[in-house]
């Protein structure tokens, strides 16, 4: 699923630049601007973007939100204020689950943000399929545009980023035996007997080491054995 951010009538270059930077860090690559009131390629916008210039340069401009959403499967609105025209306002934390539940049903989803002064208009909210909000203790002063974009980008990283940990190569039995032998040598040097509970606990925990920790232990033993035993293996 591709997530697209849409800024409606942004008035400050700094906010547009900061939005681009937030998007890039969270894996969101397309920015759309609806009737911007500032130059999105201005000096202040580019300076604030800091490393995200390509998002600003490739941003698409539209004359209306209706035009900007024409190729989207789903349009999500953002609102801090309580509006009578839309009763269902979903907390932002629920949004990733809502999107992921759609699976292949939604190819492109847009998230629309209103301008700095008054947010999305009633007409623009009417165009949205869902309305979401960032729960806050107090509504005023609310988050500014750039801050809101950052919060949404971070929460939606559950959709846009591959957050699965890289699978680590499991240690082999030979490696485990080598580590065990080195640990026993160190414990023997400090005269900690096998009957001591600390000795047993150290050896138990040693067997749980992952690859990275094992490499670290090998590096330590390299210096230890060279200093106290005149060998490095």
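Just so it is clear, none of the values below were taken in a lab; they were calculated from the coordinates. The structure presented is a predicted model; accordingly, all values stated were derived computationally and were not measured. Cβ coordinates were reconstructed from backbone atoms using ideal geometry, including for glycine residues, and neighbour counts include every protein chain displayed.
So for each of 104-116, 34-46 I average, over its residues, the number of other beta carbons within 10 Å; can you give me the resulting order with the highest mean first?
Numbers: 104-116: 18.8, 34-46: 17.1.
Put in order of decreasing packing, that is 104-116, 34-46.
Please rank 26, 1, fewest neighbouring Cβ atoms within 10 Å first, as an exposure proxy.
1, 26
Test of understanding: what is the full-extension gain from residue 190 to residue 214, defined as 0.36 nm times their sequence separation minus their Cα-Cα distance? Before the final figure, lay out the partial values.
Numbers: separation 24, 0.36 × 24 = 8.64 nm, distance 2.08 nm.
Difference between extended and current length: 6.6 nm.
Taking every Cα atom in the range 2-160, find the radius of gyration and the maximum pairwise distance Dmax, and write them in Å.
Cα only, the range 2-160: 14.4, 41 Å (Rg, Dmax).
Peptides 64-70, 27-33, 217-223: what's the order by average Cβ count within 10 Å, highest mean first?
On the way: 64-70: 17.9, 27-33: 19.4, 217-223: 13.9.
Going from most to least packed, we get 27-33, 64-70, 217-223.
Fully extended, how many nm does the chain gain between residue 224 and residue 25 (0.36 nm per residue separation, minus their Cα-Cα distance)?
Details: separation 199, 0.36 × 199 = 71.64 nm, distance 4.17 nm.
Here the segment from residue 224 to residue 25 would lengthen by 67.5 nm.
If r is the Cβ-Cβ distance from residue 57 to residue 100 and R0 is 35 Å, what FRET efficiency results, to the nearest 0.05?
0.70
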